[in-house]
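Student: Attaching a single structure in structure tokens format; questions to follow.
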Amino acid sequence: METQEKEFKSIEVFNVTSDIYSQAITGELIGMSNFATLAETIDDPHEKMEAVEHADSERRHAEGFMAYAKKLGLNVNINLKGSYWNRIREQFLNYAAKKDFIACIIIQEVMLEAFAISMYTDAGNALGGASKKLFLSIAEEEKEHMDHSVELLQEELHKDPDTFIKKFEGIHFNCMTILSEFSARTDLKGHCGVCNGDCMKNALHHVNLNVDSLRGNALALYAKALDTIGIPGEKSIVWIAKLPA
Amino acid sequence: MRTSELEELPISKIKAIYDYIPPRGIFKMHVKSLTGIETNGLYIDTFIAPDKLNAQNLRANIQKVKDAVKVVHHLNIKMAILGGFTSLLLEGNFNDFEDYDMVLTTGNSLTSAYVVKGLEKAAREHGISMSESNVLVIGATGDIGMACTNYLKGKVNRLLLCARNMNRLKTFGQRLLDEGHEVKYSSDLSELAPEADLIISVASSSEIAISSLKPKVIICDAGYPKNLEEKVEKVPGVFLFHGGMGQLKHGYSFNPDYTSQFYRYPAPHLGHGCIIEIILMAFEGIKENFSMGKGNITSEKIDLMYELSLKHGIELAPFYNSDGILEASKNNSTT
Ligand SMILES: NC(=O)C1=CN([C@@H]2O[C@H](COP(=O)(O)OP(=O)(O)OC[C@H]3O[C@@H](n4cnc5c(N)ncnc54)[C@H](OP(=O)(O)O)[C@@H]3O)[C@@H](O)[C@H]2O)C=CC1
Ligand SMILES: [Fe+2]
Ligand SMILES: [Fe+2]
């Protein structure tokens, strides 16, 4: 643990930094697996190729985080079966099994990506140094993913607004409920299985973060994405307000 | 799954993240005029938490107001009123929105109209002569305060003007003195309150406390936050009502219906003067910004808005305060 002493102000900062990297890497691997699944299930050759390319992009993100975590000597714990991540993955697999490309895009590119972009930005700014550069550059790439999909979803909404909004609402409550429980002040459904020891939410203040602003910024970005897609604000506010907190 | 529209908006659940939420529409409104015209509106919330309304958050708050106007623009809505503190944050300045092809107003002309007409009505009902009364305006250098003062000058015995910033107060007070009106101004409320027969409170402050009042004084509280009642010396005979409000005799409806949550008043179909101003602008097809900037509201604008209000079946709200409808109004409080 030599690196730890050199690079970190305290054991608490080391631990919370380790947990942040663990969550980021696990999230990227979930994203990678999601796109890999999508490549399997969809028939359209162009969508297939895009999914593979996308899976590779998430793989590179995971690798980037892993390499840097190793350099810092962090105590990284990757757990794709951690309860929240696993439930999100199951939701994704459900829609993938139905070959519902649009639903998969909504889950991965709007919901998960909103949380990733926002939390990477906040975490990067809080951690500073080389971590900041890494987190912000990955956030930037995730933003491109999101923007691209938002355009696609705008077109989908245009085709049949009522059906699309109903469908979105269903996916929202299936998936955002999990992300909301995950990002609530306390883990509403028990330990995440990724953080070392106690939940990092209790330790975020060591790196000048707090769970309310992380969650608030993430939900704000999600709300903005929904606005841009064209979902009426008076609907999305109700959806968001009803999430568990 | 129950559809979300059937349930009320559980705002309490988003308290912790309230001010992170980007401005958005919350509910649609539908209103009818006495003339048979109908119109629709959308209530957009800026999601600025009351405890964030401070100098520290000024820039962020102004940005939120601008974002809210952008929402209006994106929804292709052609007119909007910046209600409550949103126009205060911009100081009534709409220059940033010139490219939006949109008609805007602060709604302060009709608010001022309801304030002064309400005061006149209350005085009449209590047998008090306006021309013999000294009228105290708290917040006299504000947009509504100036509008009310300008409207009342020449109609009352003496104007008593109060605000904290002495420079602005002096400039305004001196102008009225130069015009030949009887005026006394002070930033110290206790110097003015003992002389007042009628009081208009249009300051956005929770610090105002009034004491040493004359018996039977009439107070129109149109400012926010609404807490003047707790801070007024409990003199028997004080008649304090919440002003600046109208009553839409032909009703309105919200969709989703959040009236039990957001808009609860002791009489049916009450609305803020500012919001009713945009409704009237829609009814009348007014294509130019109406109330804007600070200190631009003339008595003509006040009278015009009030006439339009009556034309469309929107009257002064019955007198009420946090205890409910006030005795003098009980007979005409229902629609
Ligand atoms: N009923 C309705 O429908 C409506 C009500 N309103 C409310 O009316 C109020 C006034 O609006 P508007 O005129 O646009 O606001 P402005 O900001 O233009 O004016 C506020 C005035 O209050 C004065 N003031 C503030 N604090 C104090 C204090 N502690 N003691 C004495 N004076 C004070 C200010 O001067 P200084 O800073 O120098 O003290 C200024 O003269 C607001 O509270 C607003 O929410 C607005 C629209 C509609
Ligand atoms: Fe990624
Ligand atoms: Fe991505």
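Student: If you scan the range A:213-235, which residues turn out to be touching a strand residue (DSSP E or B) at 6+ places or on another chain (Cβ under 8 Å) and either closer than 22 Å to A:E142 by Cα or more than 9 Å from chain B (Cβ to nearest Cβ) (or both)? Spell out the reasoning first.
Tutor: First, the residues of the range A:213-235 that are touching a strand residue (DSSP E or B) at 6+ places or on another chain (Cβ under 8 Å): A:223, A:227, A:232-234.
Once the filter is applied, which keeps residues that are touching a strand residue (DSSP E or B) at 6+ places or on another chain (Cβ under 8 Å) and either closer than 22 Å to A:E142 by Cα or more than 9 Å from chain B (Cβ to nearest Cβ) (or both), the range A:213-235 yields A:A223, A:D227.
Student: Determine if the range A:4-16 includes at least one residue that is within 16 Å of ligand 2 (Cβ to nearest atom) and in contact with a His (Cβ under 7 Å, 6 or more places away or on another chain).
Tutor: Let us first name the residues in the range A:4-16 that are within 16 Å of ligand 2 (Cβ to nearest atom), namely none.
There is no residue in the range A:4-16 that is within 16 Å of ligand 2 (Cβ to nearest atom) and in contact with a His (Cβ under 7 Å, 6 or more places away or on another chain).
Student: While we're looking at this one, here's another question. How do the strands (runs of 3 or more DSSP E) wholly within the range B:1-107 filter down when requiring 3 or more residues that are touching a residue at least 12 places away in the same chain (Cβ under 8 Å), at the interface with chain A (Cβ under 9 Å from one of its Cβ atoms) and closer than 26 Å to A:I165 by Cβ: which remain?
Tutor: Values: elements: B:24-32, B:38-45, B:79-81, B:103-105.
Qualifying strands (runs of 3 or more DSSP E): B:24-32, B:38-45.
Student: Hey, could you check the range A:23-39 for residues that are more than 18 Å from A:I117 (Cβ to Cβ) and without any contact (Cβ under 8 Å) to a residue 40 or more places away in the chain and say which is farthest from ligand 2 (Cβ to nearest atom)? Step through it out loud before you land on a result.
Tutor: Here is the first cut: in the range A:23-39, the ones more than 18 Å from A:I117 (Cβ to Cβ) are A:33, A:36-39.
Pick out the ones that are also without any contact (Cβ under 8 Å) to a residue 40 or more places away in the chain and you get A:36, A:39.
On the way: A:A36: 13, A:A39: 16 Å.
Per the stated criteria, the residue is A:A39.
Student: Right, something else. Could you tell me whether any residue of the range B:255-270 is surrounded by fewer than 14 Cβ atoms within 10 Å (Cβ to Cβ), at pLDDT below 95 and in a strand (DSSP E or B)? Break it down into steps so the answer makes sense when it comes.
Tutor: Looking only at the range B:255-270, we keep the residues that are surrounded by fewer than 14 Cβ atoms within 10 Å (Cβ to Cβ), and these are B:255, B:257, B:260, B:264.
Keeping just the survivors that are at pLDDT below 95 gives B:255, B:257, B:260, B:264.
With in a strand (DSSP E or B) added as a condition, the list becomes B:255.
Scanning the range B:255-270 turns up at least one residue that is surrounded by fewer than 14 Cβ atoms within 10 Å (Cβ to Cβ), at pLDDT below 95 and in a strand (DSSP E or B).
Student: Here's a follow-up. So, in the range A:106-152, how many residues would count as being crowded, with 20+ Cβ neighbours inside 10 Å and not in a helix (DSSP H, G or I)?
Tutor: 0
Student: B:I297: part of a helix (DSSP H, G or I) and either β-branched (V, I, T) or surrounded by fewer than 20 Cβ atoms within 10 Å (Cβ to Cβ) (or both), yes or no?
Tutor: Working: part of a helix (DSSP H, G or I): no; either β-branched (V, I, T) or surrounded by fewer than 20 Cβ atoms within 10 Å (Cβ to Cβ) (or both): yes.
Considered against the rule, which asks whether it is part of a helix (DSSP H, G or I) and either β-branched (V, I, T) or surrounded by fewer than 20 Cβ atoms within 10 Å (Cβ to Cβ) (or both), B:I297 comes out as no.
Student: Can you tell me how many residues within the range B:87-127 are more than 19 Å from B:G271 (Cα to Cα) and in contact with a Leu (Cβ under 7 Å, 6 or more places away or on another chain)?
Tutor: Here the count works out to 4.
Student: Restricting the search to the range B:29-65, which residues are closer than 20 Å to B:F94 by Cβ and charged (D, E, K, R)?
Tutor: Residues satisfying the conditions are B:D45, B:R59, B:K64.
Student: Can you tell me which of (1) more than 23 Å from B:L119 (Cβ to Cβ); (2) of a type in the set (V, I, T); (3) in contact (Cβ under 8 Å) with a residue 60 or more places away in the chain is the one B:T298 doesn't meet?
Tutor: (1)
Student: Test A:K159 against the criterion of being free of Cβ contacts under 8 Å to residues at least 12 places away in the same chain and touching a Pro at 6+ places or on another chain (Cβ under 9 Å), and give yes or no.
Tutor: Values: free of Cβ contacts under 8 Å to residues at least 12 places away in the same chain: yes; touching a Pro at 6+ places or on another chain (Cβ under 9 Å): no.
Answer is no for this residue.
Student: Spot the failing condition for A:K132; the list is (1) more than 16 Å from ligand 2 (Cβ to nearest atom); (2) under 15 Å from the mean Cα position of the chain (by Cα), and only one is missed.
Tutor: So the condition that A:K132 fails would be (2).
Student: While we're here: Against the conditions (1) within 16 Å of ligand 3 (Cβ to nearest atom); (2) touching a residue at least 24 places away in the same chain (Cβ under 8 Å); (3) more than 22 Å from A:K167 (Cβ to Cβ), where does A:L127 fall short? Just the number, please.
Tutor: Result: A:L127 fails condition (1) only.
Student: Here's another thing I want to ask about it. Can you tell me which residue within the range A:104-158, out of those that are within 14 Å of chain B (Cβ to nearest Cβ) and of a type in the set (S, T, Y), is farthest from ligand 1 (Cβ to nearest atom)?
Tutor: Checked the range A:104-158; the qualifying residue farthest from ligand 1 (Cβ to nearest atom) is A:T121.
The values are calculated or read from the model by the stated rules, or taken from the named source; none is laboratory data. If you're wondering where the values come from, they're calculated on a predicted model, not measured in any experiment. Cβ atoms come from the backbone with ideal geometry, glycine included; neighbour counts cover every protein chain shown.
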